[in-house]
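To keep things clear, I will list the structure first and then write my remarks on it.
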Amino acid sequence: MPSSDLGGVLDLYGEAVPEHFFASLEQELGLSVRRRIFTLPLVVWLMVSQRLDPKATLSTSVQQVVQHRPRALLSKHKRIREGTVSCHTGAYSDARQAMPLAVAEKVADRVLDHLTQSRREALPGWSRRVFILDGSSLEMPHTAELVKAYPPHPKSHWPVLLMLVAQELTTALAERPCWGPMYGPEAVSEQALTEQLLDRLPGDSVLMGDSNFGVFSVALAATQRGHDVLLRLQPNRAGVVGRGLPLQSGLDQQVCWRPSAYERKKHPDLPADACVRGRLIAQQVKTSNGSSVTLYLFTSLQLTVEQLVELYGQRWKVETDLRSLKRTVELQVLHCRSANMIAKELVLAIVGYNLVRAVMNTAATQYNLDPRRLSFSRSQDVVNAALPGLDAATKPAEYQARLRRMLQLVSSCKLPNRNGRRSTPREVWGHGCKFTKRKVAPPAKR
């Protein structure tokens with residue numbers, strides 16, 4: 001019984017991808033439409049909720065269906081009507097395997113489009129969408145297929161992939177990620193993944209990245225697609241871009257960034273006149289611990305230096321967003337054992353993350369808070385705890401009351417104020433002693 005103006009994660013899911021969306025998707029992809037327990041909308045939802053459940057097993061998902069949850073997504077299958085759904089996970093596992101990756105991708109894009117209809121301004125009076133880039137590595141189970149697709153580090157055992165995410169600055173909602181092998185002959189870089197991800201961003205977006213993304217190929221790829229950039233540069237790269245300009249605080253100069261010999265060697269298809277026009281800025285700022293540092297920025301935006309520094313100063317927020325994705329949505333270590341299932345797991349984990357973020361943004365709006373001041377982990381706990389009660393509500397008034405209570409609890413999940421330095425400074429602890437190497441006894445002499 002969804003509300004007309006408020007919603008929990010299941011409400012938002014149902015609004016973004018209604019039943020007719022899945023019906024057209026089945027027709028488009030030529031999927032079977034026979035009546036079954038684990039329909040496409042239910043399978044997708046269960047895979048999403050698996051990422052939000054700390055236990056995250058097939059059994060916990062099947063138990064939801066056995067207990068007639070979620071009612072809004074259950075079909076009229078005979079076993080559901082009679083309450084004879086099996087507790088075994090085989091049918092659900094088969095349904096997950098049979099679902100095409102394209103379904104997960106289209107659901108992720110549709111949910112994101114639905115959730116980004118309302119957002120705050122990144123700067124007062126400036127409403128453009130800003131996306132922050134950040135990447136991370138993820139480990140997977142050691143299977144022959146995954147080792148071939150995502151080779152481990154030479155000194156490690158576990159397959160590793162490199163994932164890149166673009167998150168909208170004010171809402172923290174994430175675009176569908178790009179990824180590839182981190183090691184091996186086909187290893188990808190964050191810069192190469194950026195070029196893939198740029199095609200998914202809405203038109204006229206702003207791309208913001210730290211010095212790892214402050215390279216010519218990223219700036220060129222973004223501007224060629226009609227996006228603006230705000231990139232931090234390494235001091236030596238700023239010197240190359242400036243071509244002899246004095247890199248002193250207060251510098252704000254129009255430049256034409258041309259590729260270096262190294263970049264031309266790495267990207268031999270660059271045209272001879274390749275160039276990105278923009279501004280090179282050097283500005284001294286104070287860090288959180290009171291020390292001073294000089295920022296070197298390249299941008300194609302026409303904002304003032306003060307506005308650009310303020311905008312870039314918000315980039316640090318993505319660090320906690322990525323931590324929420326890896327630790328709280330349980331992406332730090334993936335569990336599926338095939339490359340196809342890993343892909344579906346990654347995409348739908350982002351859907352689950354975005355749904356919780358949307359609830360946090362709703363709660364923040366209702367109680368006039370900055371959504372960035374809310375703890376993702378604690379908010380996720382509130383959302384998970386509220387799901388059974390919301391599904392069990394039989395009257396609209398009861399549902400509304402439980403929904404308001406959930407949003408009130410989410411609004412109370414505030415992060416502590418940390419304006420000053422830590423009372424107990426961080427310490428670096430060394431690693432414990434290593435186990436001695438196993439010694440193989442020489443063969444006995446005969």
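The values are calculated or read from the model by the stated rules, or taken from the named source; none is laboratory data. Only a predicted model underlies this, so the values are computations on that prediction, with no experimental measurement involved. Cβ placement follows ideal geometry from the backbone for every residue including glycine, while neighbour counts extend to all protein chains displayed. The protein model used for the area step is the full one, side chains on, heavy atoms only, and it has no ligands, DNA or RNA in it. Shrake-Rupley method; radii C 1.70, N 1.55, O 1.52, S 1.80 Å.
Residues checked against (1) hydrophobic (A, V, I, L, M, F, W, C); (2) buried (at least 20 other Cβ atoms within 10 Å of the Cβ); (3) at pLDDT 95 or above; (4) in contact with an Asp or Glu (Cβ under 7 Å, 6 or more places away or on another chain):
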| site | (1), (2), (3), (4) |
| --- | --- |
| Val48 | yes, yes, no, no |
| Gln63 | no, no, no, no |
| Lys76 | no, no, no, no |
| Gly83 | no, no, no, no |
| Cys87 | yes, no, no, no |
| Ala102 | yes, no, yes, no |
Report summary line: Listed by range, helices (runs of 4 or more DSSP H) wholly within region 143-239 having at least 1 residues that are more than 29 Å from Arg357 (Cβ to Cβ) are 144-149, 216-224
Query raised in the report: Could we say that Pro54 is modelled with pLDDT under 90, open to solvent by 50 Å² or more (accessible area, probe 1.4 Å) and within 17 Å of Ile350 (Cα to Cα) here?
Result: yes
Query raised in the report: Is at least one residue of region 140-160 open to solvent by 40 Å² or more (accessible area, probe 1.4 Å), in contact (Cβ under 8 Å) with a residue 40 or more places away in the chain and touching a Leu at 6+ places or on another chain (Cβ under 6 Å)?
Result: no
Query raised in the report: Which pairs have Cβ atoms under 6 Å, sit 6 or more apart or on different chains, and link a residue in region 52-75 that is farther than 14 Å from Tyr13 by Cβ and outside any loop (DSSP other than H, G, I, E, B) to one that is among the polar types (S, T, N, Q) and open to solvent by less than 30 Å² (accessible area, probe 1.4 Å)?
Result: Ser61/Gln50
Query raised in the report: Of all residues in region 78-100, how many are over 15 Å from Thr57 (Cα atoms) and part of a loop (DSSP other than H, G, I, E, B)?
Result: 6
Query raised in the report: Residue check: is Val309 in a helix (DSSP H, G or I), within 30 Å of Val188 (Cα to Cα) and among the hydrophobic types (A, V, I, L, M, F, W, C)?
Result: no
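Being modelled with pLDDT of 90 or more, within 22 Å of the chain's Cα centre (by Cα) and either open to solvent by 50 Å² or more (accessible area, probe 1.4 Å) or not basic (Lys, Arg) (or both) narrows it down to one residue among Ala98, Ala122, Ala166, Ala91; which is it?
Details: Ala98 fails: within 22 Å of the chain's Cα centre (by Cα); Ala122 fails: modelled with pLDDT of 90 or more; Ala91 fails: within 22 Å of the chain's Cα centre (by Cα).
Of the residues listed, the single one that is modelled with pLDDT of 90 or more, within 22 Å of the chain's Cα centre (by Cα) and either open to solvent by 50 Å² or more (accessible area, probe 1.4 Å) or not basic (Lys, Arg) (or both) is Ala166.
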**Report entry** Any hit, region 8-18, residues being touching a Cys at 6+ places or on another chain (Cβ under 8 Å), touching a residue at least 24 places away in the same chain (Cβ under 8 Å) and not polar (S, T, N, Q)
**Finding:** no
Query raised in the report: Restricting attention to region 104-119, which residues are open to solvent by 70 Å² or more (accessible area, probe 1.4 Å) and within 19 Å of Met208 (Cα to Cα)?
Result: Arg119
**Report entry** Residue within region 61-80 that is within 26 Å of the chain's Cα centre (by Cα) and charged (D, E, K, R) present
**Finding:** no
Report task. May I ask you to list pairs of residues, at least six apart or on different chains, whose Cβ atoms are under 9 Å apart, with the first in region 257-280 being among the small types (Gly, Ala, Ser) and the second being at pLDDT 90 or above and part of a loop (DSSP other than H, G, I, E, B)? Result -> Ala274/Arg258; Ala274/Pro259; Gly278/Ser300; Gly278/Leu301
Requested in this report: Assess whether Phe22 counts as being over 27 Å from Phe131 (Cα atoms) and touching a Pro at 6+ places or on another chain (Cβ under 6 Å).
Outcome: yes
Query raised in the report: In region 401-415, is there at least one residue being assigned to a helix (DSSP H, G or I), touching a residue at least 40 places away in the same chain (Cβ under 8 Å), among the β-branched types (Val, Ile, Thr) and open to solvent by 10 Å² or more (accessible area, probe 1.4 Å)?
Result: no
Query raised in the report: Could you list, in sequence order, the residues of region 246-286 that are of a type in the set (A, V, I, L, M, F, W, C), surrounded by fewer than 16 Cβ atoms within 10 Å (Cβ to Cβ) and assigned to a strand (DSSP E or B)?
Result: Cys256, Val285
